[in-house]
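Single-structure report; data block below.
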Amino acid sequence: MHPIDNRTFAFKLFLWIYAVLYVVAGLNHFVSADVYYDIIPKWLPAPSFLIYLSGISEIVLGILLLFSMARKLASILLILMLIAFIPAHIYMVQLAPFMLGKVLITPFIAWARLPLQVLFIGWAWYYYRNSSK
């Protein structure tokens, strides 16, 4: 395989992984909606609306990533969404340790989620910067 082919393959493979992660995460907002109530900061209004809105957003943006014409827009919207999720991740740090469904969220896990947000923001930025449209 030619080096350019390897880069194209890696680009597409990780794009699909990234997109599927969002679609699955978004679907989880509908399958396990009850779990999300515990991690929404109490000062935010309409938690049900926010849970379903974020689920729909993740599904739609994950799918849009797969279309080159929509990839830049989807990437920017994902970055904004991930920034909007930061208060929930900080709230998780404040709550830890606690049970999130059947999973014990320890302080370590809660803190580890914060740099993951940075990683996911960087991943979206990569696709924003390296997409033609």
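No value in this document is a laboratory result; all are computed from the given coordinates. Nothing here was measured: the structure is a model prediction, and the numbers come from that model. Positions of Cβ are generated from backbone atoms using ideal geometry, with glycine treated the same way; all protein chains shown enter the neighbour counts.
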- Those aspartates and glutamates that a straight Cα-Cα span of less than 20 Å connects to K72, excepting residues fewer than 8 apart in one chain: E58
- Query: Considering the values [x] 1.02; [y] 1.50; [z] 0.96, which represents Rg/Rh (Cα atoms, Kirkwood Rh) as calculated for the structure under consideration?
  - Reply: [x]
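Test of the criteria: in segment 1-65, which trypsin sites (Lys or Arg not before Pro) are in a DSSP loop and have at most 10 other Cβ atoms within 10 angstrom of their Cβ? Walk me through the intermediate numbers first.
Numbers: sites: R7, K12, K42; in loops: K42.
Within segment 1-65, the qualifying trypsin sites (Lys or Arg not before Pro) (loop, at most 10 other Cβ atoms within 10 Å) are K42.
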- Neighbour count of at most 16 Cβ within 10 Å plus DSSP loop: longest chymotrypsin sites (Phe, Trp or Tyr not before Pro)-free window in the chain: 68-133
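Normalised by the residues of the chain, what does the relative contact order come to in percent, with Cα pairs under 8 Å and at least six apart?
On the way: 130 pairs, mean separation 34.5, N = 133.
Once normalised by length, the contact order is 26 percent.
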